[in-house]
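See structure below.
The values are calculated or read from the model by the stated rules, or taken from the named source; none is laboratory data. It should be emphasised that the depicted structure is a prediction, and the values quoted were computed from it without experimental measurement. Note that we place each Cβ from the backbone using ideal geometry, even for glycine, and neighbour counts take in every protein chain shown.
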Amino acid sequence: MKSSDIVVGVLGGLAVGAVLGVLFAPDKGSATRRKIAQKGTDLKDKLQGNFNDFVDSIEDQYSSFASNTEDMIEKGKSNLERMSSEISK
């Protein structure tokens, strides 16, 4: 299972739990609506933060992959040059 699936599942569960908790709280309608709006804003901010963290993680992984690929290409070139110089001797 991918970690992104787990994150989405946990956040979805938190959102449902927060909404249900607010809906079953013994408050006036206006207070409940205000709480729901605040929870929605909090959830949006949390999701945006998690998405930004996810994007940063992907960027870091891509940079690492690109760097490793460049290193492997350079090693391959070096090995090829070494092998061709040994053959021409």
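Odds and ends about this structure:
- Every pair of residues 6+ apart whose Cβ atoms lie under 7 Å, when the first sits in the range 1-15 and is within 14 Å of residue 57 (Cβ to Cβ) while the second is outside any loop (DSSP other than H, G, I, E, B): 4/54; 7/50
- Residue that is farthest from residue 11 (Cα to Cα), among those in the range 39-66 that are touching a residue at least 24 places away in the same chain (Cβ under 8 Å) and not charged (D, E, K, R): 54
- Residue within the range 66-86 that is within 22 Å of the chain's Cα centre (by Cα) and among the hydrophobic types (A, V, I, L, M, F, W, C) present: yes
- Within the range 1-15, if we keep just the residues that are surrounded by 10 or more Cβ atoms within 10 Å (Cβ to Cβ) and of a type outside the set (A, V, I, L, M, F, W, C), the residue that is farthest from residue 39 (Cα to Cα) turns out to be 4.
- Residue match in the range 38-61 (condition: more than 21 Å from the chain's Cα centre (by Cα) and not polar (S, T, N, Q)): yes
- Qualifying residue in the range 21-38 (condition: touching a residue at least 24 places away in the same chain (Cβ under 8 Å) and touching a helix residue (DSSP H, G or I) at 6+ places or on another chain (Cβ under 6 Å)): no
- Scanning the range 32-50 for residues that are of a type outside the set (Lys, Arg) and surrounded by 12 or more Cβ atoms within 10 Å (Cβ to Cβ), we see that the one that is farthest from residue 2 (Cα to Cα) is 32.
- Unique match (being assigned to a helix (DSSP H, G or I) and either modelled with pLDDT under 90 or out of contact with any strand residue (DSSP E or B) (no Cβ under 8 Å at 6 or more places or on another chain) (or both)) among 25, 18: 18
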